[in-house]
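The values are calculated or read from the model by the stated rules, or taken from the named source; none is laboratory data. Keep in mind the model is a prediction, meaning the values are calculated, not measured. Cβ coordinates were reconstructed from backbone atoms using ideal geometry, including for glycine residues, and neighbour counts include every protein chain displayed.
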Amino acid sequence: MKIKKLQYEDFKINVKLILSALWTSVMFLYIYGDYFELYVPEKVEDLLNGQNILNTPYKLLFVAIILTLPSLMIFLSLLMKPKWNRVLNISIGVFLTLFTLLAGISSFTEWRIFYVILSFLESIITSIIVWKAWRWPKSQFDKEYS
């Protein structure tokens, strides 16, 4: 008697889609971190009184630019040609990996342990983005003539 094994259909996912999905995950983690921080005692009062780390227009602009990068990369990872796509994913991925690690390390307090965990996860995902972009598959033409 033959035993039939179930085999599930699978297909190869384009690297652009993988990168876009990873950037989407990073974006959600950023949003969750900012939202959860509103529950930290005295955070809302400090925001209302202007007593926060983003107390100048330039600091706010700097953070806005940094937090815009993952949301732009969701789209750009799908749109750009492979050469520039790879370069941008590696460079922004490395920068945000280091940035979020620094943010997480500097947040070691009882009320911000959630932020440490989220920044650790963000750093893992941005590291995977760098790794996936670094190992971008070569086209068949490039393989034959390199």
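Can you find, within region 40-62, the residue that is farthest from the chain's Cα centre (by Cα) among those that are of a type in the set (A, V, I, L, M, F, W, C) and loosely packed, with under 12 Cβ neighbours inside 10 Å?
In the first step, residues of region 40-62 are kept if they are of a type in the set (A, V, I, L, M, F, W, C); the result is 40, 44, 47-48, 53-54, 60-62.
Applying the additional criterion that residues be loosely packed, with under 12 Cβ neighbours inside 10 Å yields 48, 53, 61.
Values: 48: 29, 53: 22, 61: 19 Å.
By that ranking, first place goes to 48.
Of all positions in region 132-145, none carries a residue that is of a type outside the set (D, E, K, R), surrounded by 11 or more Cβ atoms within 10 Å (Cβ to Cβ), touching a Pro at 6+ places or on another chain (Cβ under 7 Å) and farther than 15 Å from residue 22 by Cβ. Here 89, 14 are screened, and the one residue that is crowded, with 17+ Cβ neighbours inside 10 Å and under 30 Å from residue 135 (Cα atoms) is 89.
Give 123, 107 a once-over and let me know the one that is of a type in the set (Gly, Ala, Ser), in contact with a helix residue (DSSP H, G or I) (Cβ under 7 Å, 6 or more places away or on another chain) and under 24 Å from residue 42 (Cα atoms).
Step by step, each of 123, 107 is checked, and only 107 is of a type in the set (Gly, Ala, Ser), in contact with a helix residue (DSSP H, G or I) (Cβ under 7 Å, 6 or more places away or on another chain) and under 24 Å from residue 42 (Cα atoms).
Considering (1) in contact with a Ser or Thr (Cβ under 8 Å, 6 or more places away or on another chain); (2) at pLDDT below 90; (3) in a helix (DSSP H, G or I), the lone condition that residue 107 does not fulfil carries the number (3). Scanning region 21-78 for residues that are of a type in the set (Gly, Ala, Ser), without any contact (Cβ under 8 Å) to a residue 12 or more places away in the chain, part of a helix (DSSP H, G or I) and within 23 Å of residue 112 (Cβ to Cβ) yields one hit, 64. For region 113-131, the candidate set comprises residues that are in contact (Cβ under 8 Å) with a residue 60 or more places away in the chain and buried (at least 19 other Cβ atoms within 10 Å of the Cβ); within that set, the residue that is farthest from the chain's Cα centre (by Cα) is 115.
hydroxyl-bearing (Ser, Thr, Tyr), in contact with a helix residue (DSSP H, G or I) (Cβ under 7 Å, 6 or more places away or on another chain) and not in a loop (DSSP other than H, G, I, E, B) - does that describe any residue in region 83-95? Looking through region 83-95, none of the residues is hydroxyl-bearing (Ser, Thr, Tyr), in contact with a helix residue (DSSP H, G or I) (Cβ under 7 Å, 6 or more places away or on another chain) and not in a loop (DSSP other than H, G, I, E, B).
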